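Since the structure comes first, as structure tokens, the remarks are kept for the end.
The values are calculated or read from the model by the stated rules, or taken from the named source; none is laboratory data. Bear in mind that the values here come from a model prediction, so they are computed numbers and not experimental data. All Cβ positions, glycine included, derive from the backbone under ideal geometry; neighbour counts span all protein chains shown.
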């Protein structure tokens, strides 16, 4: 299925390969510079290698991907402390991108910081995940792979949605299954509604709630009808982007403070400026009104760089 949606992209990059591979081209980085302990820091190199292998060697979908179709993504763990032996608290920055038709540009799908990931890791312990047994025997051990699997499914779901309307829904539902069966421990947070307003629970709730179906249209329109049309017709591409953001603005008026709006917009500021800096004055005015309403924190930047 996915090959059908992106075959034009594959040919346009002239990167035709034979054989198939897993879905992700992930890079994992462990930054433990803040951890002031006598622990052998080699453990973090081992962990980095094991997590990279986990993400890149696991088959996350039933579809066939060739190497040119892999989703480029990165996971940066900033280890904050070691409150107990082999137990680590960290933040996690997740980034992912997908190619734009007939260009070398990679458009951001995700650029998000998860502030609270606590896990247990003993060097060389198996890195395993089972969709049907998310909690595992030790919640703190299971939390590490549950978090990574959750974001892997969200990334894949967003990628699929960007090529066909609501095509990512099976993977958002897999992420929701992880939320519903997440490891439980007093030191683990981010999986429950009451853990905050912008966490793993709320992101996947936004993406699976049938009342929010318009969000999937926004994703498709922005990437497929917007960015992917920029090569053939810049004005048509900008119109597709603006169409998507107008829909998002309407949704935001009816559902203020929904996590997805901020999640989506925080990856877009420089991209939107680059798309509209060469637009005519009328297009810029329409765009500026939408941008500043959806992304209030960057309103000044939009106004200055679009010269309005």
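Of note:
- The sole residue among 125, 176, 135 that is assigned to a helix (DSSP H, G or I), farther than 25 Å from residue 225 by Cα and touching a residue at least 12 places away in the same chain (Cβ under 8 Å) is 176.
- Looking at 121, 105, 151, just one residue is in contact with a strand residue (DSSP E or B) (Cβ under 8 Å, 6 or more places away or on another chain), modelled with pLDDT under 95 and either closer than 22 Å to residue 64 by Cα or in the same structural domain as residue 57 (by TED's automatic domain parsing) (or both), and that residue is 105.
- Qualifying residues in the range 267-277 (those that are more than 14 Å from residue 297 (Cα to Cα) and in contact with a helix residue (DSSP H, G or I) (Cβ under 7 Å, 6 or more places away or on another chain)) - the one surrounded by the most Cβ atoms within 10 Å (Cβ to Cβ): 272
- In the range 67-87, the residues that are touching a residue at least 60 places away in the same chain (Cβ under 8 Å) and surrounded by fewer than 18 Cβ atoms within 10 Å (Cβ to Cβ): 83, 87
- Residue in the range 189-197 that is surrounded by 18 or more Cβ atoms within 10 Å (Cβ to Cβ), without any contact (Cβ under 8 Å) to a residue 60 or more places away in the chain and assigned by TED's automatic domain parsing to the domain that holds residue 32 present: yes
- Residue within the range 256-266 that is surrounded by fewer than 13 Cβ atoms within 10 Å (Cβ to Cβ) and either within 23 Å of residue 157 (Cβ to Cβ) or touching a strand residue (DSSP E or B) at 6+ places or on another chain (Cβ under 7 Å) (or both) present: yes
- Pair list, Cβ < 7 Å and 6+ apart or interchain, from the range 21-41 residues that are over 24 Å from residue 151 (Cα atoms) to residues that are modelled with pLDDT of 85 or more: 34/79; 34/80; 35/79; 35/81; 35/82; 37/82; 39/82; 41/32
- Of the residues making up the range 235-268, those that are under 16 Å from the mean Cα position of the chain (by Cα) and not in a loop (DSSP other than H, G, I, E, B) are 259, 260, 261, 262, 263, 264, 265.
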